[in-house]
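Just below is one structure, and these are the notes that go with it.
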Amino acid sequence: MKQNTQKLTELEAVIMDAVWELGEATVRGVQDHLKDARPMARNTVLTMMGILRDKGFLTSTRDGRTDVYLPAVSREQVSRRSLDDILSRFFGGSAHALVSQLLDTEELDPVEIKAIRRELNRRLKD
């Protein structure tokens with residue numbers, strides 16, 4: 001598996017989310033999976049999955065005339081790299097600055113804040 005340091009575009013992330021949820025997928029499977037939330041033409045899905053394979057996010061095998069795609073990286077690996085990038089680019093590498101900004105957003109629900117507090121308390125006990 002090729003080490004991937006590239007980022008996902010918004011559309012690539014939508015496709016990857018579908019493949020992660022499905023575990024393995026065909027172009028038709030991804031298209032069907034997304035039809036209610038984000039309908040896409042077959043050629044769009046086909047092109048995007050090819051790009052994701054070329055970038056090292058997906059692998060594929062041939063089953064008759066159909067390509068079956070599997071994630072080459074986990075959601076956690078991609079989210080970690082994205083978070084590292086955001087931390088570096090926008091917060092000078094400071095996790096404190098990132099968390100402060102997150103807590104200052106008005107969209108953050110009190111239930112989420114309590115969950116963050118629980119996680120911090122759990123980590124402090126370790």
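Just so you know, all these numbers are worked out from the coordinates, no wet-lab data involved. Not measured: the values here are computed from a predicted model. Neighbour counts run over all protein chains shown; Cβ positions are idealised from the backbone, glycine included.
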Residue by residue through the range 95-120, note down the ones that are surrounded by 10 or more Cβ atoms within 10 Å (Cβ to Cβ) and not in a helix (DSSP H, G or I). Leu108
Between a first residue in the range 56-85 that is in a strand (DSSP E or B) and a second residue that is exposed (fewer than 12 other Cβ atoms within 10 Å of the Cβ), which pairs have beta carbons less than 7 Å apart while being 6 or more apart in sequence or on different chains? Val68/Thr61
